[in-house]
Each structure stands twice: as C-alpha cells, then as structure tokens.
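Novice: Can you keep this structure in mind? I'll have questions shortly.
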Amino acid sequence: MPAKNYGLIAMFDTPAEIFHAAEAVRDAGYKFWDVITPFPIHGMDRAMGMRRSSVPRFSLAGGILGFATGMVMIWWVGAWNFKLTVGGKPLFSPLFAFPISYELTILFTAFGTIIGLFLLNRLPMHYHAVMKQPHFQRATDDRFFVVIEARDPLYDPAATKALLEKIGGREIAELED
C-alpha cells in the first residue's frame, strides 16, 4: 500500500523567521497548518490567525457544576436525608454549604480544564506523521518548523513548496502518513 502524503514541513532557524513565516502562511490563506517551536513565542497565535481557545468555557462549566454540586449535596444531606436541628439553626444555609461548595468548585474547574484540553487537542495522540521527519527532534532544542497539511484546500505540492522556499524555509521535506 503506498504511503499517503501528509503534507510539507520546512525548518527555520530563529523565532523571528518562524514568526514571519507564520504570518506569510496565514496571509496565503492556508487553513490546515501548524507551527512547531521549542518554546512559546509571544504573539504566535495572533500571527497564525488563531481564535481564542474554548478551554475557559469548559473550566467555567466545571466550576459552576462544582458549586452547584456542593450546594445541592449539603442541602440534600442537611434538609432532606439527615434532618438534624442543632441549636435552632436552619436545616440548610448557604453559609454552611460554602466551604464544601468552594472546594468542589476548584476540583470540578480543574477537571473541566483537563477534559477540555484533552477533547479540543484530540488527546491522547500516540502517533503523528511529523515525528517521522529526521530533523524533527531539533524542535525540542533549537529549530522551528512549519507544517502545511495536504488536506488543506489550497495545498498543491509544487506551489506550497515554492511558498515555503520564498519565506525562507530550509530542508523542506514531504511528510508521509
């Protein structure tokens, strides 16, 4: 069975080069591409034209669910399941339920964040075509890469390679899936 073309990868030497390369690829209109760097580069998401992450929504949903769970749990235990009047205090009061609700808010927010990260990043991903590229291990040390996927509507092997050469990409290679 012949190997399927995943796309093209190009190597860059400096953060400035990869930043300008990302702007050029974005301006060329590509939709399915990525930048791989050994460390975060300030403003790269804007240079890539990425929108804001949805992870905070998962975190907020987890926090609201945690707070509500704490309040309902204390209400159910105090006012429904185990009615015990102590010193004339009410069977349920939000003041008494706050500590457990606060702790469950923090716990469920953390769970929501982790679940959101896993879902949105499609994790766990045990294999990626980029890992077969011989120079890819340098991405953890001192090199920067742009990967343009073949599933992009604008992808044409010759035109895409010409674009990567024009923006300063070195050692441009075809990736096989």
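Novice: Given the structure, is F32 under 24 Å from D156 (Cβ atoms) and aromatic (F, W, Y)? Break it down into steps so the answer makes sense when it comes.
Specialist: On the way: under 24 Å from D156 (Cβ atoms): yes; aromatic (F, W, Y): yes.
Answer is yes for this residue.
Novice: Working only within the stretch 92-146, note down all residues that are among the β-branched types (V, I, T), crowded, with 18+ Cβ neighbours inside 10 Å, over 25 Å from N81 (Cβ atoms) and more than 17 Å from the chain's Cα centre (by Cα). First the steps, then the outcome.
Specialist: First, pick out the residues of the stretch 92-146 that are among the β-branched types (V, I, T): 100, 105-106, 109, 113-115, 130, 140, 146.
Now drop any that are not crowded, with 18+ Cβ neighbours inside 10 Å, which leaves 105, 109, 146.
Adding the requirement that they be over 25 Å from N81 (Cβ atoms) leaves 109, 146.
V146, the sole residue that qualifies.
Novice: Is it the case that I18 is aliphatic (A, V, I, L, M) and either farther than 25 Å from T140 by Cβ or in a loop (DSSP other than H, G, I, E, B) (or both)? Steps first, answer last, please.
Specialist: Details: aliphatic (A, V, I, L, M): yes; either farther than 25 Å from T140 by Cβ or in a loop (DSSP other than H, G, I, E, B) (or both): no.
Here the answer is no, as I18 does not meet what is asked.
Novice: Find the residue count for the stretch 1-35, including only residues that are acidic (D, E) and without any contact (Cβ under 8 Å) to a residue 60 or more places away in the chain.
Specialist: Within the stretch 1-35, the subset acidic (D, E) is 13, 17, 23, 27, 34.
Next cut, without any contact (Cβ under 8 Å) to a residue 60 or more places away in the chain only: 23, 27.
Residues meeting the conditions: 2.
Novice: Among the residues of the stretch 129-144, is there at least one that is in the same structural domain as F12 (by TED's automatic domain parsing), closer than 30 Å to A21 by Cα and in a strand (DSSP E or B)?
Specialist: Taking every residue of the stretch 129-144 in turn, at least one turns out to be in the same structural domain as F12 (by TED's automatic domain parsing), closer than 30 Å to A21 by Cα and in a strand (DSSP E or B).
The values are calculated or read from the model by the stated rules, or taken from the named source; none is laboratory data. Small disclaimer: the values here were computed from a predicted structure and weren't measured. Here Cβ is always computed from backbone atoms with ideal geometry, including for glycine, and neighbour counts include all displayed protein chains.
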